[in-house]
Amino acid sequence: MNFDYIKPNTLTDALECLEKENAAILAGGTDVVVNLKSGKINPSFLIDIKGLKELKGVEKVDGGIFIGALTTIDEIKNSPLLSRYRALVEGAGVLGCHEIRCRATIGGNICNGSPSADTVPGLLVHNAKVEIISKHGSRIIPLENFLIDAGKVDLRKGELLKGVFLPDLEENSFSRYYRVSRVKAWICHQ
């Protein structure tokens, strides 16, 4: 494992760094660090974006709510602005342990493209759109089009997920999230 570690101070600098060949993004690190150690990824450059404040937070915007890509799962779980988006909040509440939720980001949970990502169903049911940026501009697409296949998303070289837009909910709308899975005790006894 041999790579150059780069910690840009601005979003503009980060987007410039992402133009480098074989660059990987480090934000929460809950999956990237595991993938680095296992050899699943072997980047030439590791771009640490976790300090970029412009990618953090939940805010009310015209027509809905915008969640920055670096917003932690715990912040989503506890955000008053997201309380009516129950499927998302409940999915966030069952993702990993408390320590993982305080470190993992919504951007990482989406960009991994994992079929078992706990926040994705709650985002899909609420018709989420993602904003993707690069030094060449931005594009906004429905989350369902961003998710291509297991482990594969529509994120091109030099691009970064800026965040997720959730449209305003209709007055009587309601959603829930239920995870169906085996518990570790069952797996150990098979």
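None of the figures in this text is laboratory data; all of them are computed from the coordinates on show. Remember, predicted model here, so these are calculated numbers, not experimental data. Cβ: placed from backbone, ideal geometry, glycine included. Neighbour counts: every protein chain shown.
Listed values, structure above:
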quantity: For the range 54-178, the fraction of alpha-carbon pairs in successive 10 Å shells from zero, as %; calculated: 14, 50, 32, 5, 0
quantity: Exceeding the 18 Å Cα-Cα cut-off - candidates Lys20/Lys129; Lys56/Lys152; Lys56/Lys77; Lys7/Lys50; calculated: Lys20/Lys129; Lys56/Lys152
quantity: Alpha carbon centroid spacing (whole Å) that separates the range 11-50 from the range 90-167; calculated: 16 Å
quantity: Distance (nanometres) between label positions extended 7 Å along Cα→Cβ at Met1 and Asn42; calculated: 1.4 nm
